[in-house]
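The numbers here are math on the coordinates, done by the rules we state, and not lab data. This one's a predicted model, so the numbers in the text were calculated from it and none came from an experiment. Here the Cβ positions follow ideal geometry from the backbone for every residue, glycine too, while neighbour counts run over all protein chains shown.
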Amino acid sequence: MFEFKLADIGEGVQTATIVRWLVEEGQAVRMDEPLVLVETDKVTAELPSPVVGVVDKLLAAAGDTVEVGAGLLKIRTGAGASASQQSQGTAAVPAPSATTVARERVASAAVADSTAAGKSADTEKSRASVDGGGQPAAATGARVRATPYVRHLARQLGVDLTTLQGTGRNGRISEEDVRHQAGGTKSDAVASQSGRGTVQAAPGADVERIPFRGIRQKIAEHMVMSVRTIPHVTHMEEIEMDALMDVLKKAKPHAEQKGTRLTLLAYVAKAMSMAVRDYPLLNSSLDEAAGEILVKHRVNVGIATDTEAGLLVPVVQNVGAKSVLQVASDIQVLTEKARLGKLGLGETAGGTITISNMGGIGSIHATPIIRHPEVAILALHKMEPRVVVRNDEPVIRKMMNVSLSFDHRLLDGATAVRFTNRIKELLEQPELWLLELA
């Protein structure tokens, strides 16, 4: 018997809340198959199975908060699992490849999208193609395959699961299947998953109540703690971007051939890691209890990412040891996973300094809040053509503002300005990188 426990991911995370179970007792599970959706104060993530077997017992219920190290469920493995599978008429299935899982998720998303658009005819065709044209459980006498969460949702919405054809893996009935049958939409499902659904006020009242919980509540707690703990100061600078944008334009086709979308953010993250070599206190934290400053040797850059669930900060590990192309690839993968709600618990851990790119939505200045216990955060703003003076002549250049918020307990203003100037120098003169890259 294997007991699956909540792992310790560090970063001070002590507990996680079970959002919903993705399996049920008696269900056969494969290696890496998602077992449960949990939420911490940093991320919502699916936890995959590390073994092949059959779920014996769920040790906690949806909505429960469990501590690190606590058991979540028990899985029968080996001979016990094989016997259980045979008694249920279920054959063991090899673990799917990452590509297969990705394709199944795309197919599932396509079904949900067509449902939301009201294309019922196309949806039925999609369902038939996904489950191989199978029949509802009632027609075949087969056991209904659905998670406890989906069963509970079906009871709430008055949906008979035996009348549904499941579009999930192996014919499993999904949340989208139930909501489609009940006349719901994809947005209903998204609201249910993210905890951002609204609760209407009493009839006639000109107000709406929105639940304040989950990731949104945790973001608020961290922001308040940061502002109360850290004396913030923000320094702003403007950077001429023409030379770097020319480099980026030339390098993009090469990156695309390698399957990577090259962006300005990757260059800034790399420049930040190079600037940290000269100003290591920007990559530190304060241990108040011990009365010590902890200077980190690895530059792990957090990438502030706007998602439907709220602000998430996946972390690109050890940027100083990676090429710009590797950094770009990491950013691409992590931000996409953040937006899809697929970040692993460890993928938001270990950050030492953060970048927030606000330029894409038109920001020209901000005073970003530091991600405690870090000591600095750099915000990037909108790039735009401006008239500037060069050699006593007015010229037009692509200019971008940046804002560096820093912890004034550890950093003097002069140090923060010099650090920003170093980043400015590297971005304005990309030819220097050939001399300084390790």
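Tabulated values for the structure
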| quantity | calculated |
| --- | --- |
| Sequence ranges 318-325, 173-180, 413-420, ranked by mean other-Cβ count within 10 angstrom, highest first | 173-180, 318-325, 413-420 |
| Candidates per trypsin sites (Lys or Arg not before Pro) in segment 251-321, loop by DSSP, up to 11 other Cβ within 10 Å | K258 |
| Amide H contacts of S363 (H built 1.01 Å from N, under 5 Å, at least 5 apart or other chain) | K382 |
| Gained length - I364 relative to A61, 0.36 nm times residue gap less alpha-carbon distance | 104.5 nm |
| Phi-based couplings in Hz for segment 315-324 (Karplus 6.51, -1.76, 1.60; Gly and Pro marked x) | 10, 8, 7, 6, 4, x, 9, 10, 6, 4 |
| Members of K322/K342; K322/K424; K74/K322 lying beyond 28 Å, as alpha-carbon distances in this model show | K74/K322 |
| Estimated FRET transfer efficiency (L325, V395; beta-carbon r; R0 25 Å; 0.05) | 0.20 |
| Under 5 Å, built H, 5+ apart or other chain: amide partners of V36 | L22, L47 |
